[in-house]
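All remarks here apply to the structure that follows.
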C-alpha cells in the first residue's frame, strides 16, 4: 500500500488476496512475517480486516469461523419460537444426571 487509506472502505479495497493471507498468517501465529509480535491492537484490527474482506470476497463456507451445520440432526426445538413448559425438555436436550441410588436432592 503506497498511500494510507482514508476509510475502512478504501482499506478493504486495497487488500489483495496475498495481503489477506499474510494477515491470516500473522493472526494465526501472533507474529508478522519479520518475526515481530502483533500488539493487541494490531491483532484486533487485523481480525476485523480479515472478517470484512472475507465477507466481500469469499463464499460463506470459506470464511473464518464458518461452521458447517448441514450434517447436524434437526429437531422441532430448532424451530424459531419453540419453547417448553416449566421443567419440560425435548428428548434431544441434555438432562440432569440422576444416580440410581440417590434422590432428587442430590442431582449432578
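Remarks
- Considering all different alpha carbon pairs of the stretch 8-62, the Kirkwood hydrodynamic radius works out to 11.5 Å.
- Least to most buried among 7, 14 (fewest other Cβ within 10 Å first): 7, 14
- Taken along the Cα-to-beta-carbon direction at a fixed 7 Å, the label points for residue 75 and residue 97 span 1.9 nm.
- Sequence-distant contacts, meaning Cα pairs under 8 Å at least 6 residues apart, place the relative contact order of the stretch 8-62 at 35 percent.
Read-outs: derived from the displayed coordinates by stated rules, not from any lab. Owing to the predicted nature of the structure, the values given are computational and were not obtained by experimental measurement. Positions of Cβ are backbone-derived with ideal geometry, glycine not excepted, and every protein chain shown enters the neighbour counts.
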